[in-house]
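Working notes for the structure below.
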Amino acid sequence: MGLFKSFIKDSVIYTTIQLLPAVAGFVLLKLNSTYLSKEEFKIVNLLLLAINFFVLTSSAGFDNWLLRKYYDLDKTKHQANDFLTSTLLVVAGFCLLQAALIIPFSKFFLSFFSDVPIRHPYAQVLIMFVIVFSSAISRVIIIYYRIEKNTRLLLLVAGLQFVLQIGIGYFLLQHLDIKLWATQLAKGISLGLPVVLLLLYIRSKGKYRFNATFFAGSRSYVLPIILSGLLMWVMGQCDQFILNTYHTNSSEKADYSMAFSLTIMIEIVLNAIISFLAPDIMSKLAGKNEKININNHIHLFMLVGSWVIIGVVVFAMLLLDFYMDEKYKYCLWMVGLMASTYVFKLLTAIDTIVLHYHLKSKQLLYSLIGAAILSIGINVLSVGNWGVWALFVALFASKLWQTVYLTVSVKRQRLAFNAFKVYGLTFTLLVSLITASLLIELDYDKRYNYVGIFVIVNAVVTVVLFKKQLVEVYQKLRGQ
């Protein structure tokens, strides 16, 4: 039962850490839409895409390398600290190199974002790279202190960034004449200041040292990671780009965007749970923690992850009925279909961790290449005629391909688990959610009936398959 308590506690903590930036962004979204012009609002969104791109190329896969190779170290704090500082110096170097190449051409760079010249372009691009630097460095630090289980520090930093981003953003938007500057500067300060404090904290633990031996053999691992990240970045944008290019129904476009915004909560929570799962499984595979039972970890991950998907669908229905503007309420069936594809993320998460441990990052890249071909091909050929249905077919096909390909790739390295429990629950969730979504699309007025049946079916299957674990949890809560 210690595992269950640890799993839930750490999952809540890491969900909170990843959720706070999303909440801050949601709050600032309202402020930005109020204070910024439509042209400035468009530029902010385009700059966000550029920031995500440069964060990927700055971290360059070395955050994943730290997670993987940490367990091969001689576990002395001195060596671990040297590995951390070496990784930070590499990531900082990549970021500064990109900044040196882009900042001198700031006017030309920003011309891709707006037809109208942006005021003070050099300062704007400089602020952008402050955000990139802070984000890339944070990725490395979060992984390191996750392994070290220093959750209080990570939660404190996330809370500080949250307060600063909203507080400074609100203040600057009200008082600065250049509103575009205000929203970017607020993000730069709110992310940058805590990172500076973290870097000073790390310095207090020991000197910054660079040791190239920590990165021996990293090239063949990190290059596919970089390419995979860039491919995921492209795929994350291409669906809506293709929909806007080839489809003319503006109502469906808006509904799809809203469904995407609602289901992103699943992505945040599952990523948080995986951030708990990956270090424990890697330490077990490396022989560093014999107390861990991988079988139990996988079962808990599937159980919690499945009910996260169910919970978000129910929450989305209530949100659409009682909070969002009435014009969006009919997109619930889209939410259901989009949420169903996260079942594949549950299934691929374990295989992905195993492939990372065995340094087979090329297999991850190949799975994404196949997924991209399927997704883009189906969308381009079909969106014009099928609309959002083509997007869902493409999404389902690409995720199914990834699941099958990674399952085959793992082969003998596959971790042991009870296949009846794992596949029984996930298959039931997938089929019942797709069925409920299609029924809601056909008869929206009976949505509560369909969602209720969907929840009951999955609850019954959960009790049947995980009865033993649920009884243990109940007894623990009762203090027996």
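The values are calculated or read from the model by the stated rules, or taken from the named source; none is laboratory data. Note that the structure is a prediction, hence the values are computed from the model and not measured. Glycine also receives a Cβ, built like all others from the backbone with ideal geometry; neighbour counts cover every protein chain displayed.
Could you check, for the range 75-84, whether at least one of its residues is in a helix (DSSP H, G or I), within 23 Å of the chain's Cα centre (by Cα), within 30 Å of F214 (Cβ to Cβ) and modelled with pLDDT of 85 or more? Checking the range 75-84: at least one residue is in a helix (DSSP H, G or I), within 23 Å of the chain's Cα centre (by Cα), within 30 Å of F214 (Cβ to Cβ) and modelled with pLDDT of 85 or more.
For I137, the conditions (1) modelled with pLDDT of 80 or more; (2) more than 23 Å from L97 (Cα to Cα); (3) within 25 Å of the chain's Cα centre (by Cα) all hold with the exception of (2). Surrounded by 20 or more Cβ atoms within 10 Å (Cβ to Cβ), out of contact with any strand residue (DSSP E or B) (no Cβ under 8 Å at 6 or more places or on another chain) and within 20 Å of N271 (Cα to Cα): does that describe V157? Yes.
Put simply, of A212, A186 the only residue that is at pLDDT 80 or above, assigned by TED's automatic domain parsing to the domain that holds I143 and in contact with a Gly (Cβ under 6 Å, 6 or more places away or on another chain) is A186. Test I274 against the criterion of being crowded, with 17+ Cβ neighbours inside 10 Å, farther than 21 Å from L337 by Cβ, modelled with pLDDT of 70 or more and not polar (S, T, N, Q), and give yes or no. Taking the combined requirement at face value, the residue satisfies it. Checking each residue in the range 440-452 for being part of a helix (DSSP H, G or I) and surrounded by fewer than 15 Cβ atoms within 10 Å (Cβ to Cβ) picks out L442, Y444, D445, K446, Y448, N449, G452. Of the residues making up the range 144-164, just one is at pLDDT 85 or above and either within 17 Å of the chain's Cα centre (by Cα) or within 22 Å of D280 (Cβ to Cβ) (or both), namely Y144. Taking the criterion of being outside any helix (DSSP H, G or I), in contact (Cβ under 8 Å) with a residue 40 or more places away in the chain and not basic (K, R), the residues of the range 194-216 that qualify are G206, Y208, F210, N211.
Matching residues to (1) buried (at least 23 other Cβ atoms within 10 Å of the Cβ); (2) among the acidic types (D, E); (3) closer than 28 Å to N295 by Cα:
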{"residue": "L346", "(1), (2), (3)": "yes, no, yes"}
{"residue": "T352", "(1), (2), (3)": "no, no, yes"}
{"residue": "H358", "(1), (2), (3)": "no, no, yes"}
{"residue": "Y366", "(1), (2), (3)": "no, no, yes"}
{"residue": "N385", "(1), (2), (3)": "no, no, no"}
{"residue": "F417", "(1), (2), (3)": "no, no, yes"}
{"residue": "K421", "(1), (2), (3)": "no, no, yes"}
{"residue": "S432", "(1), (2), (3)": "no, no, yes"}
